[in-house]
Structures are given as C-alpha cells and as structure tokens.
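Participant: Take this structure first; my questions come after.
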Amino acid sequence: MSEASVAVHADADLLAQAVAARLLVRLLDAQAERGQASVVLTGGRVATAVYRAVAALPARDAVDWSRVDVWWGDERFLPAGDPDRNETQARAALLDTVPLDPARVHPMPAAGGPVGGDPEEAAARYAAELARAARPGTAALPHFDVLLLGVGEDGHVASVFPEHPVHYESRPVSAVRGSPKPPPVRTTLTLPAINTAEEVWLVATGTGKARAVGMAFAGAGPVQLPAAGVQGTSRTLWLLDRGAAADVPARFRSLR
C-alpha cells in the first residue's frame, strides 16, 4: 500500500460531510489548474450521503459545474431510471440540483434501449465514450481528477469482486456476469482504468468493513482483495469512520 494515506472520522455522518468538503475543494483546485474538472462517481449508501452533503454545502456554488465531467466507476445493468442504478441515486442526491452541462454527464448504458440486454455491448459503448473524451496523444481514457470508490465487506471496489474473471481484463471497461452481490449483471471500470486516476479515494464506514480495510494494509493481493490493488497516480486516500478503521495499523491513521 505505498503512497496511501488514511483519514479517520468519528462517525459516518461526519465522514460524509468531510468527504463532501474535500470533493468540492478538489474540483475547485482542478478548475483553477486546468480550467475544468473530472470526477468518477461510485454508488452505495455512503456515496449517496456524500452527494447529499455536497448538495447542501453553500460552497457548492463556487464550482463551475458547467465545466465538470461526471463519469461512473460501475453500474448495475438495469433499465434507465431504475432506483437501484448508481446513476439514478446520484442524480437524485446531487446531479439534478447543480447546473451541469448534460453533454458532460456520462452514465454507463442502461439495459434496454440501444444495447438491449447485452452488457458486453454496454461496456464497449462506454469504453468508446471514454476514448472520445481522451486527451490527444494519450491512451484511450480521459483525465480523472478524482475517482471515488466504496469498499465492500469482501474488499470489492466498483464491480470488481474477489477472484472474479474481470481481474484479468485488460480493456478499460468490462461486463460483469455472476456478481456475488445482486444484481448479477453489471458493467465496471477495470482496475487498470481505475488506477489511471490522479487521485483515488476509498470511502468506507462501519465495523463490517474493518476486516477488508485492515487486510488491504496488511499486504493482501488484489485478486483476493481488489481494494488492495487500487492506487491513484498521485494520491491514494482512504476515508474511514472509526468502525471501518478498527484494523488499520496506528501508524497509518490521521484522526479527525
């Protein structure tokens, strides 16, 4: 876990507030540096709490949302508007409350519509969309300023699950069949794509996540524990509450 840092907050509510504030600062810094910003969103209860916290902060208006690109790290392969889709949850919590440019919001394709019931086609279309947004002369991915990840109790990130075939996928986006967590069919960025982000933030709460987080810092391999294989190009930041941080060695912790 080289170059990783940890910030521990007292509880899940304070963590969500802190991550929201950090995210706004990161977007502002990126816009000051590059004129625009790019964020990769995740799903789940903690992420939704973060997005709601962003929406509630007055500082959100300091961001030029028309110059923010929004991507997703993974998605449940369900029809558009399904309440279990990460996109649907993010829109309700934050995206519909800020003046984003619709052309810069990039949800993963939903089941039905142009891709029908084919998650492989959905993954290919998302890879093509990423490639169209890539910087000239670079690989087939755009610049990601910050990429958010939840951490599952089994150590999965995005929809990359322990010992799943997606680990051996070299393409940036993969279909996932047979997910151990419902629904069984998904699309996801692969670890090589995730690890192109400038900053990767892993957000986890509760004692149920403590074992997986602790194993990541104890040297677990990425196939058995995908969270252990995640690393941003400039920063890898674990944002935890006390429950999730219970098994993190003290030397890594910065208590807030």
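The values are calculated or read from the model by the stated rules, or taken from the named source; none is laboratory data. What you see is a predicted model; the values in this text were computed from it and never measured. Neighbour counts are summed over all protein chains in view; Cβ atoms, including those assigned to glycine, are modelled from backbone coordinates with ideal geometry. Heavy atoms of the whole protein, side chains included, go into the accessibility calculation; ligands, DNA and RNA do not. Shrake-Rupley method; radii C 1.70, N 1.55, O 1.52, S 1.80 Å.
Participant: Just to check your reading of the model, which residue among V54, V46, V40, V50 is at pLDDT 95 or above, in contact with a Leu (Cβ under 8 Å, 6 or more places away or on another chain) and part of a strand (DSSP E or B)?
Facilitator: Matching residue, one of V54, V46, V40, V50: V40.
Participant: Just for the stretch 196-255: of the residues that are in a helix (DSSP H, G or I) and aliphatic (A, V, I, L, M), which one is farthest from V166 (Cα to Cα)?
Facilitator: Looking only at the stretch 196-255, we keep the residues that are in a helix (DSSP H, G or I), and these are 207-217, 226-229, 250-252.
Within this subset, residues satisfying the condition of being aliphatic (A, V, I, L, M) are 210, 212-213, 215-216, 227-228, 250.
On the way: A210: 24, A212: 19, V213: 21, M215: 21, A216: 19, A227: 14, A228: 15, A250: 33 Å.
Per the criteria, the residue is A250.
Conditions tested, residue by residue: (1) under 20 Å from A4 (Cα atoms); (2) touching a residue at least 40 places away in the same chain (Cβ under 8 Å).
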{"position": "V173", "(1), (2)": "no, yes"}
{"position": "P180", "(1), (2)": "no, no"}
{"position": "A210", "(1), (2)": "yes, no"}
{"position": "V223", "(1), (2)": "yes, yes"}
{"position": "L239", "(1), (2)": "yes, yes"}
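Participant: Does Q231 qualify as being closer than 12 Å to L147 by Cβ and surrounded by fewer than 21 Cβ atoms within 10 Å (Cβ to Cβ)?
Facilitator: Working: closer than 12 Å to L147 by Cβ: yes; surrounded by fewer than 21 Cβ atoms within 10 Å (Cβ to Cβ): yes.
Yes: the conditions hold for Q231.
Participant: While we're on this one: If I ask for residues that are in contact (Cβ under 8 Å) with a residue 24 or more places away in the chain and either among the hydroxyl-bearing types (S, T, Y) or open to solvent by less than 40 Å² (accessible area, probe 1.4 Å) (or both), which ones from the stretch 127-142 would you list?
Facilitator: Selection gives A127, L130, L141, P142.
Participant: Still on this structure, I have one more. Look at L41 and say whether it is under 12 Å from the mean Cα position of the chain (by Cα), open to solvent by less than 30 Å² (accessible area, probe 1.4 Å) and not β-branched (V, I, T).
Facilitator: So L41 passes the test.
Participant: Would you point out the residue of the stretch 81-125, among those that are touching a residue at least 60 places away in the same chain (Cβ under 8 Å) and within 17 Å of the chain's Cα centre (by Cα), that is surrounded by the fewest Cβ atoms within 10 Å (Cβ to Cβ)?
Facilitator: Of everything passing the filter in the stretch 81-125, D84 is surrounded by the fewest Cβ atoms within 10 Å (Cβ to Cβ).
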